[in-house]
Amino acid sequence: MERDILSLEHLQETLQSNPAVIAYFSTPDCNVCTVLKPKVIELINNDFPQIQFHYVDCQQHPDAAAQFSVFTIPTVLVYFEGRETFRLSRNFGIAELSEKLRRPYQLLFA
């Protein structure tokens with residue numbers, strides 16, 4: 001299920017209060033982002049259901065993008081237990097994301 005981030009504080013609280021979070025940084029007018037986002041959501045729902053997906057609109061929340069050093073879109077930040085585990089930016093695929101998620105996800109939820 002997709003959730004929108006409402007502010008920088010909301011994002012920081014979300015990352016600290018949930019065991020696994022993906023923050024998807026994008027803008028509504030990014031064509032690549034628009035195509036990739038539903039695929040990321042589908043991957044999470046099907047293979048990694050314990051991870052929460054959160055969308056961050058960089059146009060509405062430039063402070064959040066700056067605070068998390070997001071300078072290109074799309075950028076996916078993956079957090080496990082409140083710590084950034086990895087990030088993928090610009091050119092990445094669903095298979096790469098799935099491969100990088102598998103091990104930390106299994107360690108945390110298996």
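The values are calculated or read from the model by the stated rules, or taken from the named source; none is laboratory data. Just so it is clear, the structure is predicted and the values come from calculations on it, not from any experiment. Every residue, glycine as well, gets a Cβ built from its backbone with ideal geometry; the counts of neighbours run over all protein chains shown.
Odds and ends about this structure:
- The set of residues in the stretch 66-89 that are in contact (Cβ under 8 Å) with a residue 24 or more places away in the chain and over 14 Å from L15 (Cα atoms) comprises V70, I73, P74, T75.
- When the stretch 55-110 is filtered for residues that are under 21 Å from N31 (Cα atoms), among the acidic types (D, E) and loosely packed, with under 13 Cβ neighbours inside 10 Å, only E96 remains.
- Any chance V40 is in a strand (DSSP E or B) and either acidic (D, E) or at pLDDT 95 or above (or both): no
- Being closer than 25 Å to L107 by Cα and among the charged types (D, E, K, R) is not true of D63.
- Residue within the stretch 14-37 that is within 21 Å of R102 (Cβ to Cβ), within 12 Å of the chain's Cα centre (by Cα) and free of Cβ contacts under 8 Å to residues at least 24 places away in the same chain present: no
- Counting only residues that are out of contact with any strand residue (DSSP E or B) (no Cβ under 9 Å at 6 or more places or on another chain) and within 16 Å of S7 (Cβ to Cβ), the stretch 62-86 holds 4 of them.
- Candidate set from the stretch 1-54 (those that are under 18 Å from G93 (Cβ atoms) and among the basic types (K, R)); member that is surrounded by the most Cβ atoms within 10 Å (Cβ to Cβ): K37
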